[in-house]
Structures are given as structure tokens and as C-alpha cells.
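Please read the structure below before turning to the comments.
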Amino acid sequence: MEEKQITGYPSIDKPWLKYYTEEAINATLPECSVYDYLVECNKNHLDDVAINYFDRKITFRELFDNIERATKGFASIGLNKGDIIVMATVTTPETIYSFYALNRLGVVANMVDPRTSTEGIKDYIEEVNATCVLTIDVALPKIEKAIIGTNVNQIVVVSPADSLAQPKKLLFKIFNRSPKLSEKCLVWPKILKNSTNQTFTIAPYEKDVCCAIEHTGGTTGMPKGVMLTNDNFNAATSQIKYSPLRMERKDRFLNIMPPFIAYGMVLGIHTALTHGWESILIPKFDPKDFSDLILKYRPSGIMGVPTYFEGLMDDPKLKGADLSCIKVVLVGGDKTQVEFEKRVNTFFAEHNANIHLSKGYSMTEASSTATFAFEEINKLGSNGIPFTETIVSAFEPDTDKELKVNESGEICIFTPTMMLGYYGKPNETNKVLKKHSDGRIWIHSGDLGHIDEDGCVYIDGRLKRMIIRFDGFKVFPPFIENVLTTHKAVESCCAVGTPDKSHSQGQLPIAHIVLKPEYKGRETVVEFELVELCKNELPEYAQPSAYKFRETLPVTPIGKVDFKALEQEND
């Protein structure tokens, strides 16, 4: 056999494929609806547990029965193929039943954070011209204000208590007052009752047709609706299925991510269910409860963003705890700093968990599935390797000139999980999805990074977080943050730009620091040491101009460090 010639270009060499089996490389992607793929994966395991909801275990048989009833219920209120429903819900069984039921009808699920302001929800409704909203009951007062002047004529109301077992349901109702319902409201039990003798038409599978809309975080402006297809969802979970992931059918998976982000919907819900894991649903996650949830359910897999693991490592409840049950710890949504990664790995090793932090890299526009750090290839500081059908490479910014291994440029993604585009925003879509000279359409991430000789992806910075000094020097905040976190006193940090008052234009970097509890009150000494550390480790132009010590860093609704908020403090 002729030896393969190495070009040095990731998109040609695909060095990551050496970590996959021939079966994985040659596997074909599903061509069916998300509901049909869910059935296909579990039709021979109907008595396995699909959902664990506050200790009520729901089998796949019950799951499919409830989806059938929900399908008839939604058909009874006139929802048809091509309609778009706004879903302002959290992770409950009803959210899952609804998503797959609507998928059978060909109805698009527009996933919305129920914490969004009234005006924000109104914008989401009007943007897609929705006539129906599915909402969690606590958000109902806001929804009823938001629909004024819109075409919404039906509100379906679900409660966290709808799937609770007795007596938990009774206790919930005692301590939680039910909202007053208007004539446009229909509660979930009524939807199910309407399913009796209701007929419906199953929407045939069509390739590249939107089935769900997720929204970007909005840290760079108004959130944009990312249109995802059946093919996107199924390509994501299928690629994971054929990857060297240590999770197996019947393993428990702690799903703490909400459904109104792709990370939660594609990975937390669809991937978990199609893989046959017992999905433990947490409707309202509080990082303070993380350790209690792990100790109670002893999951095989957990997921989250980096900030969730900071409190976990310092929680006295886990002192001496045996966490050998854990097979996978997935972290995504934000860059993981090397020193933090080392701490997490040490923490789990000390608690008998034979794992390393598995970092993932992607974006909503790629269905939150692009790379993953498996135990077989999990380098410190990297975000793992691309999946089998995915290509990740670095390009010279603002061009389609691909860079070679270890050359830093804009990270771009070519993948079957690529979005259709932004809903109603073709110009914005064209800024992100660009056809290159190789004939492929690539997602331009706005992140700076490089690919090493093994195919591991490293994020070096973010174009949109770039700090440009008065003299034209460009400073990338992660370079500063990686140095600061090597100091023993630093719990977390974020570097942002602040206006340079000595010049007519340009910015200077400023470091926001959260100290570990034992170092609070020693800010003066720590600042002196940080200044010396940065002098030794960073070039002159990247030296922070100031250090601000604070109790916490602001975060976005999904747990990412909100650097935009910090930038606004400095304006």
C-alpha cells in the first residue's frame, strides 16, 4: 500500500482519524427525523429507563406512549407542518414529549429562555409569527403580556409538577401557587385529554428542513435564531455514538443544561436518549447543588461549563467521597484554562475517578458538536479532536487561505451539524457561513486557534475579544488569563480592554481577579506578585494596566463569563 503523503494541512490529512475505528470512519449518517432516530435506537429496549425525574423513572415505552399522546394533543389545537411554536420551557419530561411530538407533525420548536424579558419574548414571537406558545407556568404572567398585539391565540402551560410522582406532586402544589389562567391557556393535562380519538398526519422526513431554532448567547448583540435540522441533530449524536466515549447503554447521565441552548437540547436530551442512557433531568440547576446531585444519583456522565466545577472542587460535602462511578466529565461553552484543567483532573483523581476533564469545542451554529477530548487523546489545553465527519482547521483571518499544522488563525468548521442559517437574517448568515475555494461551506467561528500534528484543536483567543492598543498591537485575553491562573491565589480571572485615556484611540488590558477564599484580604501582596509574574511571562504590550479584585465574575444566563459586562464597566 502506498504511504500517504503528509501535506501539513488539517483538511487534507485529517490526522484525528487515526484515533477512530474503521467502523466509525465508514459509518453512514442517519437520514430520518429526530423522532424516528430516537425510535430506531431504542425500539428493542422499551423497558430500559429513559428519564429519571425526581426519582420517578420513565421507561422508553412510557416515553413513546407520552409522545404519541402529545402528538395528538398538539394536533387537536391545530398545529400543522411548517408552523413554528415558541417553547419557553425548562428541562422537564413535558419538554421532551413536546419536542418529539412536534417533530412528528413537522412543527418547528423555537426554543426560548423563559427568563427572557417580556419585550424579548415578544420579539421572539413576532420574529417567527408564532400562533402558539408552550410555557412553564412561572413564566406565564410574562408570556401573557408578551402576546399582546401578536398572532398568538393559544398558550399551552406546563408545570414542573406534571410528571412528579405522588406525594411529591401534592407537596409541590401545596407550596407553589398555580397561576391564574386566561381563556387562551390550556394546561398540559388538558392537552393529553384532547388526544382521545384525535387523528393526525405524520410529516414525512425531508432533508435540510428546520426542526428547531436555538439562539446564540447574544453577547455580541441581539440574539440570532440558529435554524437546526433533523440531519444536524442526528449527525451530532451519530458521530458521538461511533466515538471512543466510555458511556454505555443504561449508564446514568446528569443533564443540568437547559433545552434553550443547543448544548442542552442536542447533547443533553437527544444524544442521551438516542444512546439509551438514563437521563436525569434537572429543571432548575443551581451550582450549589452540584455535589448533592452527584452524590445522590452517582452518574456515569456529567456535563457543564467551567464555572460549575469551581464550587464543586471546594465543596466540603465531597471530601473523601468516592466518585469512581464517573466515566465522563464533559465541559464546553467556554475556554478551559490549563491550570484550571489540572486542578479538576487532580480533584477527580483524588476521588477515585479514573478520568480527565473532557473538553469540547463547538458553537450553536454547529449544533454544539465539533470536537471532543476523549481519554485516548486528551492533551492539556486542547479541546480534543474533530468527530469523524467533521473537519476543523485554521484559516488566515478574512480569507479562505488554510494554514498548516500549528499555525494560528481563525478556527473554521466544516460539518454535517452546520446550521441552515440564522432565521430571517441572510446577511448575518453570509458573514458566518462562507464558501471556500475548496468548494466547502465553512462556519467562521470568530475564534483564533491552531491544530496540532495529532489533530487536536487549541483555542488561542477570540477575534471579537481582541484588544487593540493605540500602537496597533493586538492582545488576546486568554494569553493573559492563562498566565494569571498559574498564581496560587487566583480562583478565576478575565482580561478585557479598557479605554486608553493617554491616547485618542486604543485600549489597554485590565485584569479582573477572583481570589481563593484563603487569600482574601491579601490583595496588595497578591497584586504585587501578579505584576511581577506578568512582567516575566508576558510581552510588554500585553501587560495588564490594572488589576481589579472582585467577589465573583459576572456570567451569562448559560454560565459563561460575561466579558461584555466587564468591558461595559470600563467604558
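We did not get these values from a lab; they are worked out from the coordinates using the rules stated. Everything quoted here is computed from the prediction, not taken from an experiment. Cβ coordinates were reconstructed from backbone atoms using ideal geometry, including for glycine residues, and neighbour counts include every protein chain displayed.
For segment 153-232, which trypsin sites (Lys or Arg not before Pro) pass both filters: DSSP loop (anything but H, G, I, E, B) and at most 10 other C-beta atoms within 10 Å?
Working: sites: Lys168, Lys169, Lys173, Arg177, Lys180, Lys184, Lys190, Lys193, Lys207, Lys224; in loops: Arg177, Lys180, Lys184, Lys207, Lys224.
Passing both the DSSP loop test and the Cβ count: Arg177, Lys180, Lys207.
Tell me which of Pro397, Ile294, Pro478 sits at the most positive position along the dipole axis of the chain, charges placed on C-beta atoms (Lys, Arg +1; Asp, Glu -1).
Of the listed residues, the answer is Ile294.
Measure out, as a whole number of angstrom, how far apart the alpha-carbon centroids of segment 426-502 and segment 334-379 sit.
19 Å
Under the Kirkwood approximation for Rh and a Cα-based Rg, what ratio Rg/Rh is obtained for segment 6-94?
On the Cα set of segment 6-94, Rg over Rh gives 1.15.
Distance between the C-alpha centers of segment 8-59 and segment 71-109? Whole Å please.
Each part's Cα centre sits 23 Å from the other's.
Which one, Leu17, Val525, Thr237, is farthest towards the positive end of the dipole of the chain when Lys and Arg carry +1 and Asp and Glu -1 on their Cβ?
So the residue we want is Thr237.
Suppose each label sits 7 Å from its Cα in the direction of the beta carbon; what would the Asp452-Asn354 distance come out to in nanometres?
Distance between label points: 2.4 nm.
If one computes P(r) from the Cα atoms of segment 174-322, what percent of pairs lie at distances over 24 Å?
Numbers: 5965 of 11026 pairs.
Of the Cα pairs, 54 percent sit more than 24 Å apart.
Normalised by the number of residues in the chain, what is the relative contact order in percent for Cα pairs under 8 Å and 6+ residues apart?
12 percent
I'd like the distance separating the alpha-carbon centroids of segment 260-286 and segment 144-175, in whole Å.
21 Å
From the square roots a ≥ b ≥ c of the eigenvalues of the alpha-carbon gyration tensor of segment 53-206, which class results: rounded (a/c under 1.5), prolate (a/b over b/c), or oblate?
Oblate, since a/c reaches 1.5 and b/c is not below a/b.
Based on the mean of other Cβ atoms within 10 Å per residue, sort peptides 61-74, 281-294 so the most packed one is first.
For the peptides 61-74, 281-294, the packing ranking is 61-74, 281-294.
If you place +1 on the Cβ of every Lys and Arg and -1 on the Cβ of every Asp and Glu, how big does the dipole about the Cα centre of segment 173-238 come out, in debye to the nearest 20?
For this selection, approximately 600 debye.
Among 297-308, 559-570, what's the highest-first ranking by average C-beta atoms within 10 angstrom per residue?
297-308, 559-570
Explain nothing, just the number: dipole magnitude of the chain about its Cα centre with +1 on each Lys and Arg Cβ and -1 on each Asp and Glu Cβ, in debye rounded to the nearest 20.
With Lys and Arg at +1 and Asp and Glu at -1, about 1900 debye.
Find out how many positive minus negative residues lie around Leu105, taking Lys and Arg as positive, Asp and Glu as negative, among other residues whose Cβ is under 11 Å from that of Leu105. Spell out each step's value before the answer.
On the way: positive: Lys72, Lys81, Arg104; negative: Asp83.
Result for the neighbourhood of Leu105: +2.
Stokes-Einstein at 4 °C, 1.567 mPa s, Kirkwood radius from Cα pairs: D for segment 473-555 in µm² s⁻¹?
It comes out at roughly 99 µm²/s.
Considering the chain, what Rg and Dmax in Å follow from its alpha-carbon atoms?
24.1, 75
Which value, to two decimals, describes the C-alpha radius of gyration of segment 73-123 once divided by 2.2 N^0.38 Å?
That ratio works out to 1.17.
About the Cα centre of segment 409-547, what is the dipole size in debye to 20, counting +1 per Lys and Arg Cβ and -1 per Asp and Glu Cβ, all else neutral?
So the magnitude is around 680 debye.
Note down the net charge around Val405, summing +1 for each Lys or Arg and -1 for each Asp or Glu among other residues with Cβ under 10 Å from its Cβ.
-4
Give me the net charge of Thr369's neighbourhood, meaning all other residues with Cβ under 13 Å from the Cβ of Thr369; Lys, Arg count +1, Asp, Glu -1.
For residues surrounding Thr369, the net value is -3.
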